[in-house]
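A short worksheet on the structure shown next.
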Amino acid sequence: RGVGSDGRWFSAVEGKSAPYTGTLKVEYVSKGARFYFHQDQFYPLDEVKFSDGDAVNKDGHNHLFTMNFAVPFTALLSGEESFEITADDDTFVYVGDKLVIDMGGLHDATTGKFSISEEGEVYTAMEGEELAFTGVRVDKDENAIVRIFHADRDAKDSVFKVDFVGMNISV
């Protein structure tokens, strides 16, 4: 089961948390068919007032949040399809229902990536590692999905960057 599928991470708790739906506005670069979102200071809930006065918000930022989203794509199997994510703290990326990037735990900004071969094989690597086959495959013209779960669990920094390159995604 995916992170949060049992409701522990994404449930409202009276007086402590509340659901919020928002949008990440991605940039598009036609050369290379790149969709990206980059923020070195990522505080998507600063305008949401449910945690005013919390000790972790002493710097004016709304810390300690979780988010999840899904990005549908159609596999082209061009050999040019790739995905990269940089984030601090818990971040899990799934292709379909298979975990392909595990950046769990409290940590500084870390980068994980995956690429899709012309044969539909999904290869992944963490920062400084060589790409390795995950055992996950997608079929050409298959409707697939990238699922991202992220939890900012400290009140230090908040970095979030995603890059979809060469992928036929639905935004």
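Only the coordinates and a few stated rules stand behind these numbers; no lab work does. Everything quoted here is computed from the prediction, not taken from an experiment. Positions of Cβ are backbone-derived with ideal geometry, glycine not excepted, and every protein chain shown enters the neighbour counts.
Okay, here's what the table says:
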item	result
Sparse-neighbour loop sites [GluC sites (Glu not before Pro); the stretch 116-171; at most 10 other C-beta within 10 Å; DSSP]	Glu119, Glu129, Glu130
Distance (nanometres) between label positions extended 7 Å along Cα→Cβ at Ser78 and Glu47	3.3 nm
Count of lysine pairs in the stretch 11-150 with Cα separation under 17 Å (8 or more residues apart, or interchain)	4
3J(HN,Hα) from dihedral phi, the stretch 142-156, Karplus parametrisation 6.51/-1.76/1.60, rounded to Hz, x for glycine, proline	6, 7, 10, 8, 9, 10, 10, 10, 9, 10, 8, 10, 9, 9, 9
Relative contact order (%) - the chain, alpha-carbon pairs under 8 angstrom, separation at least six	31 percent
Cα extents of the chain along the three principal axes, largest first (Å)	52, 34, 30
Within the stretch 82-121: backbone nitrogen closer than 19 Å to the Tyr36 label point (7 Å, Cα to C-beta)	82-88, 109-116
